[in-house]
Amino acid sequence: MDKGISQAVIRRMPRYYRYLGELLEAGVERISSNELSARMHVTASQIRQDLNNFGGFGQQGYGYNVQYLYDEIGHILGLNEMHNMIIIGAGNLGQAIANYVKFEKLGFRVVGLFDINPALEGKEVRGIPVMMLDVLPEFVKDHQVDIAALTLPKENAETTAVMLSTLGVNAIWNFAHVDLDNVDGMIVENVHLSDSLMQLSYSIANKKNK
Ligand code: NAI
């Protein structure tokens, strides 16, 4: 759903979704932007501005209906649909992701794990057997695959992305340390934990220098 909303706003949505989910679990039905602001350490005006992009959802003096807001943001993020995900590269990181059940709660279901190392063939991770990469075309024919997580060495990332594109898998959750911007029509989300770590290092260094 593209309503011309800025990427910066979209990037903040998952955090709203997470907080609202926690409020729901705690049985909170309504919340004012001031209360949400105090919890999230974001200014109330930022919250109002962000949510106004989507029509607001709030009533003056009455606050936000938590369930409604949660569902709407879920819709905006496409979380009302199940996404089938395969993982390519069944090493440390691939297996860790496959083992993490919480993604399924958000609607991301791991349906296949692929590798090129024959020693891993048939090894099960949370009941999902590792398959060899050469059966991927057959697998994609028989199964709906919406997302491929790439957890393989960067040297093999681009050829894998091109192969996925020819197989009709057009979204990549990319953990390999390489930009995959030049694969036609591919939607790519890069995740680099080391960027976050460097950010932390910067904050530590800055605190020391104060
Ligand atoms: P690993 O060596 O444990 O696993 C990599 C797996 O990919 C191996 O099992 C290997 O056989 C397989 N593989 C190699 N080429 C393949 C291909 N063409 N198709 C399918 N499988 C293939 O490595 P680890 O620790 O799991 O890391 C995986 C990748 O993720 C590395 O590139 C690493 O740099 C990166 N990484 C990225 C992070 C991030 O925050 N973005 C954090 C940690 C690792």
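The values are calculated or read from the model by the stated rules, or taken from the named source; none is laboratory data. In this text the structure is predicted, and so the values were computed from the model without any measurement. Note: ideal-geometry Cβ built from the backbone for every residue, glycine included; neighbour counts use all protein chains shown. Areas reflect the complete protein model, heavy atoms only, side chains present, ligands, DNA and RNA absent. Shrake-Rupley method; radii C 1.70, N 1.55, O 1.52, S 1.80 Å.
Applying the set (1) under 16 Å from the mean Cα position of the chain (by Cα); (2) without any contact (Cβ under 8 Å) to a residue 60 or more places away in the chain; (3) surrounded by 15 or more Cβ atoms within 10 Å (Cβ to Cβ) to V183 leaves exactly one unmet item: (1).
Evaluate the following for L113: is it over 28 Å from G78 (Cβ atoms) and among the aliphatic types (A, V, I, L, M)? When the stated conditions are applied, L113 does not pass them. For the criterion of being of a type in the set (K, R), out of contact with any strand residue (DSSP E or B) (no Cβ under 8 Å at 6 or more places or on another chain) and at negative phi, K105 passes. Per the conditions (1) farther than 30 Å from E22 by Cβ; (2) in contact with a helix residue (DSSP H, G or I) (Cβ under 7 Å, 6 or more places away or on another chain); (3) within 11 Å of the ligand (Cβ to nearest atom); (4) not acidic (D, E), the sole criterion not satisfied by L167 is (3). Can you tell me which residue within segment 73-105, out of those that are exposed (fewer than 13 other Cβ atoms within 10 Å of the Cβ) and within 16 Å of the ligand (Cβ to nearest atom), is nearest to the chain's Cα centre (by Cα)? Among those that are exposed (fewer than 13 other Cβ atoms within 10 Å of the Cβ) and within 16 Å of the ligand (Cβ to nearest atom), it is Y100. Picking from residues in segment 24-72 that are among the β-branched types (V, I, T) and open to solvent by less than 50 Å² (accessible area, probe 1.4 Å), the one that is modelled with the highest pLDDT is V28. Scanning segment 112-161 for residues that are among the polar types (S, T, N, Q) and within 9 Å of the ligand (Cβ to nearest atom) yields N117, T151, N156, T159, T160. Return the residue satisfying two criteria in turn: it lies in segment 131-180 and is under 22 Å from Q7 (Cβ atoms) and aromatic (F, W, Y), and of such residues it is surrounded by the most Cβ atoms within 10 Å (Cβ to Cβ). Filtering first and then ranking leaves F175. Report yes if some residue within segment 171-182 is closer than 20 Å to A96 by Cβ, of a type outside the set (V, I, T) and in a helix (DSSP H, G or I); otherwise report no. No, that holds for no residue.
Here's a check for you: in segment 190-210, which residue that is open to solvent by 70 Å² or more (accessible area, probe 1.4 Å) and within 11 Å of the ligand (Cβ to nearest atom) is nearest to Q95 (Cα to Cα)? Here the residue is L193.
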